[in-house]
Amino acid sequence: MSDLERVSTLLSPAAEDHCWVGRYEGLVLRTALQPIFSISHKRTVGYEALIRAFDNDSSPVLPPHLFDLAEDHPSNLLLDRLCRALHVRNFQNVSDEINWLFLNVSPQCMASGMQSDAFFGRLLQDSGFPAHRVVVEIVEKPSDDPALLRRTVEYYRSLGCLTAIDDFGAGHSNFERIWNLRPDIVKLDRQMLARATEDKRTRQILKGIVSLLHESGCLVLMEGVESRDQALIAVDAGVDFVQGFYFHRPTTELGNAVRGATDFDTLLEEYKQEKQQQSDPTQTITSFFSHRFERVISALQAGHGFEQACETLVNHHTVSRCYLIGDDGVQVHDSLLSPESAHRLDPRFRPLENTVQADWYRQHYLRRALRYPGELQITRPYLSATGAHMCITLSRAFVHGDRTLVLCCDILTGEQPGV
């Protein structure tokens, strides 16, 4: 008897509905589906299949207790295959012929390599379920063999499935794994969202992580969304997909999962209004400093020294420092510090203070200024390399003699001009 035939003997139609159930160690196994939504599309794009176990009295059995029954490797493989076969068969009866089915793969099954899971290829072939509608979710462990794990992921990809890394950001997971495995989707660990709910700084870090994952070629899914505040954080972080109790709980009533809907129009409208109501200092700051930059540049072009030309600008209470950069990215002379900044220099970062001949060509504010000469540019808050403090930078390119220079000034975040 083949592995697929053995698993099939453990499946049977449920008497009370149109679903299939599995039998394992005296328990009845059922499929539960939880919808996964695309924020931009404002609709369901997939479902995660979860196993639900019940005893002879129809009382629920916690998933950890179910998997504890598989005491050895063969038993674990059998249970893993039974769950996936059950999910595929049930999903074929769902009135959805487009969206993805997310399937978890047992870490022990993963550790066995692709030969051990050739069963899955036979399951898809026998059932006729399209491989391109399957997203295989992979949970990593520190003990995983990277080369073996990569080959296993490539096996699922060769079948035509998509792959997803689950619980990214928890424990040992890092970007090296992302670059090594090249998943199609990354599911962020729910603890990241929980921390972002409590800490605004973590929200900024979350945005950066999502941006890096996108640059790595991965779509990003935020799971564990349980409140409207968390839903708005997920929207603001730029994730592609969301999943969680706030949108829809897992249900063994599979038709209800398919019919479940979320009012993304209202959610996105609230997000837009919230953004519009938030104080965005960009326009205010550029308007406030535009004529001040103009006066400095005019003074420099008239032959005044840098310190004299910048006197009014550098003495403004929001300004930390002023400096000039050539079009080659190299700073022309040392930075001119405001009196207040000079008094509060942190001695721990003294090695970063001298910026003579520093090369800032990599900085976005320099390249944008050179690209749009005559226009005042402003950055988002970032960590300055001249003192390890958060700041924003204003920059403007201008012609001085026979060369192009860029006038810059840093403003410590939290400080805004009183206009």
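Taking every alpha-carbon pair under 8 Å whose residues sit at least 6 apart, the range 1-73 reaches a relative contact order of 19 percent. Placing dummy labels 7 Å off each Cα toward the beta-carbon, the span from residue 269 to residue 145 is 5.6 nm. What range in the chain is the longest one free of trypsin sites (Lys or Arg not before Pro) that are in a loop by DSSP and have at most 14 other Cβ atoms within 10 angstrom? For trypsin sites (Lys or Arg not before Pro) (loop position, at most 14 other Cβ atoms within 10 Å), the longest site-free span of the chain is 43-343. With contacts taken as Cα pairs under 8 Å and at least 6 residues apart, the range 168-282 reaches a relative contact order of 21 percent.
For the modelled label position 7 Å from the Cα of residue 175 along Cα-to-Cβ, which residues of the range 144-162 have backbone nitrogen atoms closer than 15 Å? Output list for this probe position: empty. Of the GluC sites (Glu not before Pro) found in the range 1-70, the ones in coil according to DSSP and having at most 13 other Cβ atoms within 10 Å of their Cβ are 16, 25. Taking every alpha-carbon pair under 8 Å whose residues sit at least 6 apart, the chain reaches a relative contact order of 11 percent. When only DSSP loop residues count, what chymotrypsin sites (Phe, Trp or Tyr not before Pro) in the range 192-283 have their Cβ near at most 14 other Cβ atoms within 10 Å? For chymotrypsin sites (Phe, Trp or Tyr not before Pro) across the range 192-283 that sit outside H, G, I, E and B with at most 14 neighbouring Cβ atoms in 10 Å, the list reads 245.
Estimated from helical segments only, the mean residue ellipticity of the chain at 222 nm is -11500 deg cm²/dmol, where each DSSP H run of four or more residues counts as -39500 (n - 2.57). With the simple model of a label 7 Å out from the Cα in the direction of the Cβ, residue 385 to residue 194 spans 3.7 nm. Amide hydrogen proximity for residue 404: with H placed 1.01 Å from N in the peptide plane, the residues at 5 or more positions away or on another chain lying under 5 Å are 327.
In order along the range 211-228, the phi-based Karplus estimate (6.51 cos²θ - 1.76 cosθ + 1.60, θ = phi - 60°) of 3J(HN,Hα) comes to 4, 5, 5, 4, 5, 7, x, 10, 7, 10, 10, 9, 9, x, 6, 10, 8, 5 Hz; Gly and Pro are listed as x.
For the chain, the number of Lys pairs with C-alpha atoms closer than 16 Å, counting only pairs eight or more positions apart or on separate chains, is 5.
The phi torsions of the range 394-404, fed into the Karplus equation with coefficients 6.51, -1.76 and 1.60 and a -60° offset, translate into couplings of 9, 8, 8, 8, 8, 8, 10, x, 9, 9, 9 Hz, rounded to whole numbers, with Gly and Pro shown as x. Calculated from the structure at hand, volume of the Cα convex hull per residue in Å³ is found among [x] 146; [y] 180; [z] 159 as [y].
Just so you know, all these numbers are worked out from the coordinates, no wet-lab data involved. Everything numeric here is computed off the predicted structure, so don't read it as measured data. A quick note on method: Cβ atoms are made from the backbone with ideal geometry, for glycine too, and the neighbour counts reach across all protein chains shown.
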